[in-house]
Amino acid sequence: MSDPVNVTELGSSEFKEFLDSFDHVFSDCDGVIWIEDALPGSGEFFKKMKGHGKTVHYVSNNSLRTKQNYVEIFKAAGIDDGYENLTIPSTAIAEYLKSVNFDKKVYCITCPETFKVLQSNGFKCVQGPDFGSDFYQEYAQYLDDDPEVGAVVCDCDFNVNLIKMHKAIMYLRRPDVLFITGATDRYALVKPGCLALGTGPFTDIIIEESKRVPISMGKPGKTFGEFAMSRAGVTNPSRVLFIGDTIATDVGLGKNTGFKTLLVLNNATKEDMMAHKTLKPDYFADSLESIVPLL
């Protein structure tokens, strides 16, 4: 495993070789293009990449935002076509269910937007309950199997609870029930420099207890990376540069799918990057802004 290369320290001929090594740019959003607000230089970076003949697409694990919110925050970053070129788990999950002609109920442990996206695509969705119990024997009233449930979807439910997990595990005992995951991030960026525990560990519990391997429609799943490629009309993963700010999800997706990887150090240090035992990006830089002068 070679050490990552600092893009901003490349000479002009080396930087040209770097640019010539890919045709498509796929980029994460949260932590790369914006944190609370748009990060300086991010919009300019993608404009210049297009000027060099690269196609630009965006791949995020964040299904929480509404379409309008995405449009507004892309626009604030100086990106006019961001939402049209964005792949997120909710749309990937809906397209997968369509591809297998799914016609049963979907049990959703998801954020409200993923629930809405699945419903808007014609799927009958059920969820909840959103409250727990003070006494475990009261769980029994919620644990009657429903044979009409044919899929369990987990995608970033910040109101997850024990009863929801029990129900998911119960449905997944039937081998014909599909198990699909979206975002499985262990941590969520809540403000600059502050990571809070995400919903991924709860999905891990469902995986462990159900003894099922989910279809991963979120980073770092290879299936999600291939779905993003398909949406972008890309056939050769080795000609894609994937940009992210997290090692596990972003570099992980790149390595799983066969992309080249660039880590921006907005939320990780060089020491964090070098200390990771199994994953290292091909390239790194302090931020997108730091690369703009070279373009």
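Within the range 272-294, restricting attention to residues that are in a loop (DSSP other than H, G, I, E, B) and exposed (fewer than 14 other Cβ atoms within 10 Å of the Cβ), which residue is farthest from the chain's Cα centre (by Cα)? Once the filter is applied, the top-ranked residue is Lys277. Here Val25 fits the description: in the same structural domain as Ser238 (by TED's automatic domain parsing), assigned to a strand (DSSP E or B), crowded, with 19+ Cβ neighbours inside 10 Å and modelled with pLDDT of 95 or more. Kindly check whether there is at least one residue in the range 78-90 that is assigned to a helix (DSSP H, G or I) and among the β-branched types (Val, Ile, Thr). Within the range 78-90 (the criterion being assigned to a helix (DSSP H, G or I) and among the β-branched types (Val, Ile, Thr)), the answer is no, since none of the residues qualifies.
Could you please let me know if Tyr58 is crowded, with 22+ Cβ neighbours inside 10 Å and free of Cβ contacts under 8 Å to residues at least 60 places away in the same chain? Give the derivation first.
Details: crowded, with 22+ Cβ neighbours inside 10 Å: yes; free of Cβ contacts under 8 Å to residues at least 60 places away in the same chain: yes.
Against the criterion (crowded, with 22+ Cβ neighbours inside 10 Å and free of Cβ contacts under 8 Å to residues at least 60 places away in the same chain), Tyr58 qualifies.
Condition first: hydrophobic (A, V, I, L, M, F, W, C), within 22 Å of the chain's Cα centre (by Cα) and either more than 26 Å from Phe179 (Cα to Cα) or not assigned by TED's automatic domain parsing to the domain that holds Ile207 (or both). Can you find one or more residues in the range 2-15 that meet it? Walk me through how you get there before you give the answer.
Here is the first cut: in the range 2-15, the ones hydrophobic (A, V, I, L, M, F, W, C) are 5, 7, 10, 15.
Among the residues that remain, those that are also within 22 Å of the chain's Cα centre (by Cα) are: none.
No: the range 2-15 contains no residue that is hydrophobic (A, V, I, L, M, F, W, C), within 22 Å of the chain's Cα centre (by Cα) and either more than 26 Å from Phe179 (Cα to Cα) or not assigned by TED's automatic domain parsing to the domain that holds Ile207 (or both).
Within the range 1-18, the set of residues being free of Cβ contacts under 8 Å to residues at least 60 places away in the same chain and under 19 Å from Val240 (Cα atoms) comprises Glu14, Lys16, Glu17.
Can you find, within the range 19-36, the residue that is farthest from the chain's Cα centre (by Cα) among those that are closer than 18 Å to Ala268 by Cα and free of Cβ contacts under 8 Å to residues at least 60 places away in the same chain? Lay out the reasoning, then the answer.
First, the residues of the range 19-36 that are closer than 18 Å to Ala268 by Cα: 27-36.
Filter once more, so that each one left must be free of Cβ contacts under 8 Å to residues at least 60 places away in the same chain: 29, 34.
Numbers: Cys29: 9, Trp34: 15 Å.
Among residues in the range 19-36 that are closer than 18 Å to Ala268 by Cα and free of Cβ contacts under 8 Å to residues at least 60 places away in the same chain, the one farthest from the chain's Cα centre (by Cα) is Trp34.
You will find that of Asp80, Asp145, the residue that is closer than 20 Å to Ile205 by Cβ, free of Cβ contacts under 8 Å to residues at least 60 places away in the same chain and not assigned by TED's automatic domain parsing to the domain that holds Val56 is Asp145 and no other. Restrict the check to the range 256-271 and report whether at least one residue is under 30 Å from Leu118 (Cα atoms), out of contact with any Leu (no Cβ under 8 Å at 6 or more places or on another chain) and crowded, with 22+ Cβ neighbours inside 10 Å. Checked against the condition, which is being under 30 Å from Leu118 (Cα atoms), out of contact with any Leu (no Cβ under 8 Å at 6 or more places or on another chain) and crowded, with 22+ Cβ neighbours inside 10 Å, the range 256-271 yields at least one hit. The residue that is farthest from Ile169 (Cα to Cα), among those in the range 77-123 that are more than 21 Å from the chain's Cα centre (by Cα) and surrounded by 14 or more Cβ atoms within 10 Å (Cβ to Cβ), is Gly78.
The values are calculated or read from the model by the stated rules, or taken from the named source; none is laboratory data. These numbers were taken from a predicted model, which means no experiment stands behind them. Using ideal geometry, Cβ is built from the backbone for each residue, glycine included, and neighbour counts are taken over all protein chains shown.
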